[in-house]
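Colleague: This is the structure I want to talk about, given as structure tokens.
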Amino acid sequence: MSSSNTSGLVPGPSAGPLTTPTKRAAFAASADAGPSRARPAGASPAYSSRRHSLYGVEDRVVVDPGSRIWKVGFSGEPDPRSVFYALDPNDAEQTQATEAWDLDPSLMKGVNGRSEGDRLIGVRVIKKLRETFVKHLMTDSKARKVIILENTYLPISVKEHIARALFDNMQVPSVSFTPSSLLALAACGRITGLVVDVGWLETTVTPVYHSRPLYNLSRSTHLAGRKLHQHLRTLLHHHAIYIQPPSSLGNIHDRARTQGISLDLLTDELVERVLTEGCFAGNLYSEKGTPDQAMDVDEPSTEVPDEGNESFRIAKEWKKRYGSLSNAKDMAFRVNTKQGLGSATTIIPGWIRERVVGILFTENEESENPSIPRLILDCISKLPIDLRPTFISSLLITGGTASLPGFIPRLRVSLLHHLLPQLSFDQDQMMNSPLGTKENRKEETISWRRKSKEPYNEIYGLSSKLTIINDPAPLDGSSSEGGNKGGKCPRWTPGLMSWVGGSLAGALKTSSHEITREAYDTSISISIARGELFREELEENLVDSQINLKEVEGINIEDLKVGQANKYEIDESNELNKLISKRKRGWKDNANLFDWSRGSIKA
């Protein structure tokens, strides 16, 4: 029998009881660790804290498919393995598009019709999913379960393309479509909250109560990242300073300067760089500072601004409103061009850097899209009255656009501005009559009538409970003292909040309903069989009735004239009556419906 000394397991004099040797972590935990820090060399932090199988196939693949940015990685890890654009550079150059899909496929750039747009979406989805497994994750898709982060208003056609590509092309064992709003709250350790997702195509507000997303109370607006990009491009086109590259070595320090940048130079990459590196959200109110000294610039000779142009009007209005209300400094960016020696220089005015984000918080009476603060308050107003304090005290801001510096504090101030309206000068002067008089009672009546017309008067009392749980700069004080506590959630950037929740759900083996490959194949087979059966029944009915298919296509219901709603005979003598009198497919002969077209005729 061998001695314990030879095995090396005898504890020392000051050691504790005998323990099993464990593998030391690749690196120690640090307070500075997080998604914004560079990952140290060595093993993944997920593999240092829990046991895995030989090939590590227990981890699920977490995919956050956005219309502009995709984030992919493995469950149990603190940040995604790869973040990449949803559109290839060659595809973007050919179609002049900035996103992989739109809410309406027929409105996509570079396509002709809805069917062509739907096919193009399917091609892009398959290509990106293949790159996810082969290029970015370098793993076998047949052995990996997949968690897909589903946005609140993700088009059903995109969801079908993702499921078809994963099951038919990648042969994954199962797919789980999980609401991104629920996963964002899971990353904060909560199950109830109001999730505001500021994405690329739209901004959505989704209330989640006890892990149940209330989709019927959700709201959305098109004021999001794409609208912000378009607005920034407009301001740069009219008010940025463009310094041309030197034409020779003799005029390096004497280069021509023009106001405004050509749209050909304002590529999507340049606008994205200016937005992410130079722009931030300023305060709601700013003191009037001393404007920077005006630079001597030459007026553009090739492009003369048209006073009737809508973009020129908007740019002129914004400069008039915010041109002298900003203390931010100008910022220079290099622009690579094919002309001259070297690169050109673009100078971004400070007021554009600070005030361009205001397009998401500004009300536009001509537009049907509400601003983000009003969208949040509209959603809270539609909630049951007993749930309003719970949701207004647990706001969570997510999305890539919300990652801009100062975005969340500006949103908090805008919400308080709507919840704490200030009396105007005229209203203050009206309440000067002596108390108890007839004039005073009339003034009080007018004041109460004006308050009743305010849209958020029912939730004014909830202003003290307003809390954004991921606010990087929360207000001091408790709610009872008039303050608003926030910033209690982990220090994740808003753009990664949903993906981190999906990673946590995959590590805990909890997610929404899993769709296995067998269940998917069965559903597809049943759907195909029902379609074939319907087609056979339709052909039999057409053969029995000896009616041509073209004769039952029907016409637009608005084309029917008075008295023709119940008419189904076809007048062969008159071609016009033959077309007008056709009944729409699905109408029954013995439905006993009244003639709705005669309802407006009086005897």
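Colleague: Set the Förster radius R0 to 35 Å, insert the Cβ-Cβ distance between residue 168 and residue 382 as r into 1/(1 + (r/R0)^6), and round the FRET efficiency to 0.05.
Modeller: 0.30
Colleague: How many nm separate the modelled label positions at residue 96 and residue 244, each set 7 Å beyond the Cα in the direction of the Cβ?
Modeller: Reported label-point gap for residue 96 and residue 244 is 2.5 nm.
Colleague: Please list 504-514, 176-186 highest first by mean number of surrounding beta-carbon atoms within 10 Å per residue.
Modeller: 176-186, 504-514
Colleague: Right, another one. Of the listed peptides 385-392, 350-357, what is their order by residue-averaged count of other C-beta atoms within 10 Å, with the highest listed first?
Modeller: 350-357, 385-392
Throughout, read-outs are computed from the coordinates displayed, never taken from laboratory work. Computed from a predicted model, the values in this text were never measured in an experiment. Here Cβ is always computed from backbone atoms with ideal geometry, including for glycine, and neighbour counts include all displayed protein chains.
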